[in-house]
Amino acid sequence: VFLLTAALPLATALAARNSSFRETARQQRYFELASVTARIGHWRLNLETQSLSWSDEGFRIHGLPIGTAPSLEKAVDAYHPEDRTAVNSWLEQCIESVGEFAFDARIITPQGEILHVNSRGQAETDANGKVTALFGVFQDVTDRVNTAQQLAAAKERADDRAEQARILAGTDQLTGVPN
């Protein structure tokens with residue numbers, strides 16, 4: 001009887017732990033599915049070791065095989081040359097202010113494809129408030145940017161045609177004199 005009463009709390013704790021592990025694994029699968037669907041990758045930069053870790057979707061967005069994350073230098077080099085200085089500045093400001101960052105930039109995949117990404121993140125600190133890492137997410141928003149550019153071009157064409165129609169409506173076609 002003593003053995004049973006001693007083992008019962010342990011068995012209950014083990015069952016709860018196993019249930020917690022299953023729930024965590026289920027939530028992880030949902031998170032991964034949402035990341036792939038929304039094309040959102042995440043990363044973490046350990047400032048002490050200057051090492052990066054990326055999610056699988058981060059590799060896919062960058063057009064890289066899933067595996068070891070590139071060095072910090074190579075990760076920054078993936079940004080479009082015109083965007084690199086701003087990206088470095090946003091990250092440095094985040095570290096200095098122990099704050100957050102949010103920016104839009106372009107990356108260039110090894111295949112030469114230019115993708116637009118929206119990035120957001122924040123500084124991580126230790127118990128003393130010292131920044132030890134940066135954590136961030138980036139979303140491939142290329143389709144949204146392309147659609148916005150196409151809409152802007154279509155609006156410009158429509159505005160031009162409307163202006164031409166106004167000119168035609170206000171001008172005598174035979175003489176060219178305003179009506």
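Numbers below:
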quantity: Any hit, the range 141-160, residues being buried (at least 16 other Cβ atoms within 10 Å of the Cβ), assigned to a helix (DSSP H, G or I) and in contact with a His (Cβ under 6 Å, 6 or more places away or on another chain); calculated: yes
quantity: Scope the range 7-51; condition at pLDDT 75 or above and of a type in the set (Gly, Ala, Ser); matching residues; calculated: Ala7, Ala11, Ala13, Ala15, Ala16, Ser19, Ser20, Gly41, Ser51
quantity: Complete set of residues in the range 74-92 that are acidic (Asp, Glu) and open to solvent by less than 60 Å² (accessible area, probe 1.4 Å); calculated: Asp83
quantity: Enumeration of residues in the range 30-64 that are among the polar types (S, T, N, Q) and open to solvent by 50 Å² or more (accessible area, probe 1.4 Å); calculated: Thr37, Thr49, Gln50, Ser51, Ser53
quantity: Hey, Gly121 more than 17 Å from the chain's Cα centre (by Cα) and not hydrophobic (A, V, I, L, M, F, W, C) or not; calculated: no
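Table: residues versus (1) without any contact (Cβ under 8 Å) to a residue 60 or more places away in the chain; (2) within 14 Å of the chain's Cα centre (by Cα); (3) closer than 27 Å to Thr125 by Cβ.
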position	(1), (2), (3)
Pro9	yes, no, no
Glu23	yes, no, no
Gln50	yes, no, yes
Arg60	yes, yes, no
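The values are calculated or read from the model by the stated rules, or taken from the named source; none is laboratory data. The shown structure was predicted, so the numbers you read here are calculated from the model rather than taken from an experiment. Cβ: placed from backbone, ideal geometry, glycine included. Neighbour counts: every protein chain shown. For accessibility, only protein heavy atoms count, side chains too; no ligands or nucleic acids. Shrake-Rupley method; radii C 1.70, N 1.55, O 1.52, S 1.80 Å.
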